[in-house]
1. Just to be sure, is residue 33 closer than 20 Å to residue 145 by Cβ, out of contact with any Gly (no Cβ under 6 Å at 6 or more places or on another chain) and not basic (Lys, Arg)?
2. Please indicate, with yes or no, whether at least one residue in the stretch 209-228 is closer than 18 Å to residue 153 by Cα and not assigned by TED's automatic domain parsing to the domain that holds residue 63.
3. Taking into account only those residues within the stretch 137-149 that are crowded, with 20+ Cβ neighbours inside 10 Å and more than 12 Å from the ligand (Cβ to nearest atom), which is nearest to residue 191 (Cα to Cα)?
4. Out of 27, 67, 21, report the one residue that is within 16 Å of the ligand (Cβ to nearest atom) and at pLDDT 95 or above.
5. What single numbered condition from (1) within 16 Å of the ligand (Cβ to nearest atom); (2) in contact with a helix residue (DSSP H, G or I) (Cβ under 6 Å, 6 or more places away or on another chain); (3) under 30 Å from residue 269 (Cα atoms) fails to hold for residue 131?
6. For the stretch 154-262, which fully contained helices (runs of 4 or more DSSP H) count at least 2 residues that are of a type in the set (A, V, I, L, M, F, W, C)?
7. Report, ordered by the first and then the second residue, all pairs with beta carbons closer than 6 Å, sequence separation of six or more or different chains, a first member in the stretch 209-222 that is open to solvent by less than 60 Å² (accessible area, probe 1.4 Å), and a second member that is of a type in the set (Lys, Arg).
8. Given the condition in a loop (DSSP other than H, G, I, E, B), at pLDDT below 95 and among the polar types (S, T, N, Q), answer yes or no: does some residue in the stretch 135-153 qualify?
Amino acid sequence: MSSNKKKIGIVGSGLIGRSFAMLFAGANYNVVIYDVDQNQIKNALADIKQQLKMLEENGLLRGKLNAQQQFALIKGVNSLEEVVKNAYLVQECVPENLETKKKAWRDIDALAGSNTIYSSSTSAFVPSLFTKDLKHRQNVIVSHPINPPYYAPLIEIIPAPWTDPEIVKKTRTIMTEIGQTPVTFSKEIVGFAINRLQYALLNEVWHLVTEGILNVEDIDKVMSDGLGMRYAFLGPLETTHLNAEGFVNYCERYADTMHSVSEDFKPPPAKYDEHKVKEIARQLEAMVPLDKLQERRNWRDLCLAKLSLLKKEMQEEWK
Ligand code: NAI
């Protein structure tokens, strides 16, 4: 099968750069990957080859090409120019440090053309923070994945105030094409949505655990065996819709309860108490020792892969 020929440039070959490379190759794009550290490119290519093989062996490989064909679409290069030149989309995946992002974007901008989508994986920086002075700033957008992107398909698409609406549309289209689930923000907001929701939860978890109300194992069960069971299939809003006779009825029934419980919430600590942090870490390490983190991550990825198959099957059922 021939590649669809469009070139995707990946800048930074760490965890997220590798994931994007695999996602784009799975959709038959030519992928060119660059890293300031040449050793990282070598490691990334070896890792990608192994991951694609493992996915194929387990029947989890995306797209229509086999693992070998997908791998053949990915090429490591040693200059940024080879990534940026004539790319349809450049996905920046350099470390989460504002100065590093600014420098990487200045370098990309100097080589950029006017028809390319320039997309950043940043988890925390709104795009205006690092694109304001770029010549091609109207082409830059944030496409923030959730880890691990191969199994958790959400992509948050966040334009800067000056991002061209056409770039927003094209980004959404290509992310859908590679099998991700894009959500488009009307404007930038700190923390985007994933981290706003995640931090709201972690804040409440912190209070419940440090006040001795629930231990670490039990608070995590509240999500993994409770709320998370639903949230794997329905969002919080549809959950409310189904838990009453529609959303209007839910608000009529539960507004007072929601208000009084919410009034009990506390602000996040300005600084995390060291002893409390150590105690939470102690309980977590009793569940998963530090030398077993990678094993547990592999298990998590397998769970998510199987869940994504179930979600697909259940979505078909609802159609
Ligand atoms: P990482 O640290 O695993 O990889 C970053 C890579 O970029 C390294 O290989 C480094 O050598 C390279 N690099 C540094 N400066 C560079 C430059 N100027 N040009 C080219 N390569 C350069 O980082 P990771 O985890 O892959 O994260 C990348 C981005 O994705 C960050 O902005 C991060 O916040 C975001 N992200 C990370 C997630 C995660 O769970 N790891 C999830 C979602 C987004």
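The values are calculated or read from the model by the stated rules, or taken from the named source; none is laboratory data. Only a predicted model underlies this, so the values are computations on that prediction, with no experimental measurement involved. Cβ sites come from the backbone with ideal geometry, for glycine too, and all protein chains shown count toward neighbours. Ligands, DNA and RNA are excluded from the accessible area calculation, which covers all protein heavy atoms including side chains. Shrake-Rupley method; radii C 1.70, N 1.55, O 1.52, S 1.80 Å.
1. Here the answer is no, as residue 33 does not meet what is asked.
2. Yes, the conditions are met somewhere in the stretch 209-228.
3. Once the filter is applied, the top-ranked residue is 141.
4. 21
5. Condition (3) is where residue 131 drops out.
6. 165-177, 194-210, 216-221, 236-243
7. Short answer, once both residue conditions are applied: 210/276.
8. Yes - at least one qualifying residue is present in the stretch 135-153.
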